[in-house]
Every structure is written in structure tokens, then in C-alpha cells.
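Below you'll find the structure, written out as C-alpha cells, and then a few comments.
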Amino acid sequence: MPSEPGDVPWCHAGNGDVKSALDDVSSPNSIYVNGLNTCWIEQPGSTSGQWFGFPSYCKYAIGVKGIYGCTLVIVVSEKGVYISHIWENPVFIDGCCMPTKDDWFKKHTLDALRDGTEYTQSVASLIGTDQNPGVLNAIYAPKVFVLTPFATDLDKQWPGIATQLRYQHRAKELARMIAEIIPGSGGDGITVGYTRTGLAESSKQPGVAGRTIVEVQPFHMWLVPPGHCPFAGLQIGRWRLWVEDKLITYQDFWCPPEMVHG
């Protein structure tokens with residue numbers, strides 16, 4: 001069952017120095033990704049999803065590995081990250097590798113993520129109101145990503161599959177619909193492809209295939225105006241999204257006093 005927001009511990013990804021900024025690294029970078037001490041989350045049920053709050057200090061990383069055909073929905077805000085894992089079979093295809101019916105697909109993707117299920121925490125419940133904003137409220141700049149497999153040469157032998165992504169239409173529609181649920185996420189969401197491998201290759205450690213990681217350093221930098229006391233500075237955090245060994249994007253964010261001291 002989904003736990004309460006933020007109650008799942010993050011794993012340490014650095015040396016514990018709260019003043020250590022995230023390194024500027026090249027991409028792709030398998031050495032750096034393998035060096036992260038990532039907390040890998042479980043994937044129960046056909047669809048699962050859970051919120052993980054960012055810590056106040058220290059560098060951390062959380063992610064999913066063992067992805068070799070499944071799809072992830074990732075929503076990152078200044079407060080943390082929501083990660084959903086959706087199995088390829090039985091959600092996108094059935095036991096005969098045929099596309100599932102649209103109503104079945106909607107039930108196990110959009111409906112499950114919006115409304116919540118036994119294993120899926122509702123994203124709508126994390127939005128809140130203007131008076132009482134939740135962790136996915138627009139004021140915290142949420143961003144929606146859908147990670148889905150590239151189409152292989154074998155996939156393209158099937159009728160109707162000529163797109164770059166194996167489930168391109170459904171993945172893009174899912175990104176758009178989740179972005180519509182979350183005000184302030186902007187646009188239609190971002191769809192990211194990954195290379196399909198197999199269970200062993202996508203799960204092995206060390207390795208980079210079949211995995212995604214959200215890395216955060218809440219104390220990325222400390223800004224102090226000229227002539228001011230260092231304690232009067234502003235704490236700036238940074239999160240980064242990795243897919244395989246590639247840096248997809250990053251975002252800096254201000255850490256208000258309640259986050260710094262809370």
C-alpha cells in the first residue's frame with residue numbers, strides 16, 4: 001500500500017557534506033550514475049505510485065531499475081518526486097502481445113494515478129489548494145515525465161508500429177493527461193525513451209540499462225548578497241533526472257526557511 005508522503009527513507013548518494021554542490025558532469029556518464037548510492041523502489045501491482053519528499057540537507061538519490069518494457073510516470077517538484085511504475089503486460093499489451101482496450105488502459109493508468117488504488121497514491125490528492133498547497137501544487141513548479149521504451153526493429157515488424165517509441169501515442173497521451181491534472185506543470189508533459197534490454201541487464205549492479213534516477217542536493221549552493229552576513233544567505237537546491245546514463249534535465253529551486261529548518 002502507498003505510504004504517507006515522505007515517510008520512505010532516501011538513500012545517501014554522497015559523503016554527507018550539506019554544503020557540497022552537485023558536480024557538473026558530462027552526459028552520458030555511466031561512471032557517475034553507478035557511483036550514486038541509489039534507493040531502488042519496489043514495483044507492486046500492475047500500476048504503482050508513491051510520493052517521496054526531498055530531505056532538507058545532504059545529497060540523495062532514488063530510482064527504479066529492472067525496466068525492460070514497462071512505463072514510468074515521474075512528477076518532480078521543489079518538494080520531492082512522485083514515481084509510478086506501470087507494467088507493459090497487462091496494461092499496454094495483453095498476453096498475446098496485442099494492444100489492450102482503451103478503457104482497460106485508462107483504468108490502469110490515468111484513473112489509477114488520478115484517483116489512487118491499493119498500490120497507487122493519488123496525484124490529485126497531492127495538489128492541495130491555494131490556501132493549503134500540497135507538494136504538487138503549482139507554486140512548487142511540478143514537472144511531468146513519462147519514460148517508455150523505444151521501438152525495436154522487431155517491434156516495427158508488427159503492423160502499425162512505425163514510431164520512435166513503442167507506445168508513442170499512449171505514452172504522449174498519458175503525459176498530456178497527467179499534466180492536465182497537475183496545474184502549473186506546463187505544456188503536455190515530457191516523453192522520454194529508453195532502450196529495451198532484458199530483466200538481467202536492466203537489474204544488474206553496477207549497470208545503467210533499464211533504470212531512472214532522481215538525484216537531489218537541497219544544499220546545492222548558498223547565495224549571500226555582497227556585504228551581508230553569511231547567515232543571511234539563501235539556500236538553493238537542485239534536482240536532476242537521469243535515464244540510463246543520460247542527464248535528461250535539472251532544475252534549481254529555493255529552499256525556504258521552513259524547509260531548511262523543518
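If you scan the range 157-170, which residues turn out to be over 19 Å from the mean Cα position of the chain (by Cα) and on the phi < 0 side of the Ramachandran plot? If the condition is that a residue be over 19 Å from the mean Cα position of the chain (by Cα) and on the phi < 0 side of the Ramachandran plot, then GLN157, TRP158, PRO159, ILE161, ALA162, THR163, GLN164, ARG166, HIS169 are the ones that fit.
Every condition in (1) outside any helix (DSSP H, G or I); (2) touching a residue at least 24 places away in the same chain (Cβ under 8 Å); (3) surrounded by 16 or more Cβ atoms within 10 Å (Cβ to Cβ) is met by LEU113 except one, and the failing one is (1). The residue that is nearest to the chain's Cα centre (by Cα), counting only those in the range 132-156 that are of a type in the set (A, V, I, L, M, F, W, C) and more than 16 Å from ALA179 (Cα to Cα), is PHE150.
Residue check: is SER185 over 14 Å from the mean Cα position of the chain (by Cα) and part of a loop (DSSP other than H, G, I, E, B)? Here the answer is no, as SER185 does not meet what is asked. All conditions in (1) on the phi < 0 side of the Ramachandran plot; (2) surrounded by 20 or more Cβ atoms within 10 Å (Cβ to Cβ); (3) within 14 Å of the chain's Cα centre (by Cα); (4) modelled with pLDDT of 95 or more hold for LEU247, with the sole exception of (2).
Just so you know, in the range 195-220 the residues that are part of a strand (DSSP E or B) and in contact with a Phe, Trp or Tyr (Cβ under 7 Å, 6 or more places away or on another chain) include one that is surrounded by the most Cβ atoms within 10 Å (Cβ to Cβ), and it is VAL216.
The values are calculated or read from the model by the stated rules, or taken from the named source; none is laboratory data. As the structure is a computational prediction, the values presented were derived from the model and not from experiment. Virtual Cβ from ideal backbone geometry, glycine too; neighbours counted across all protein chains shown.
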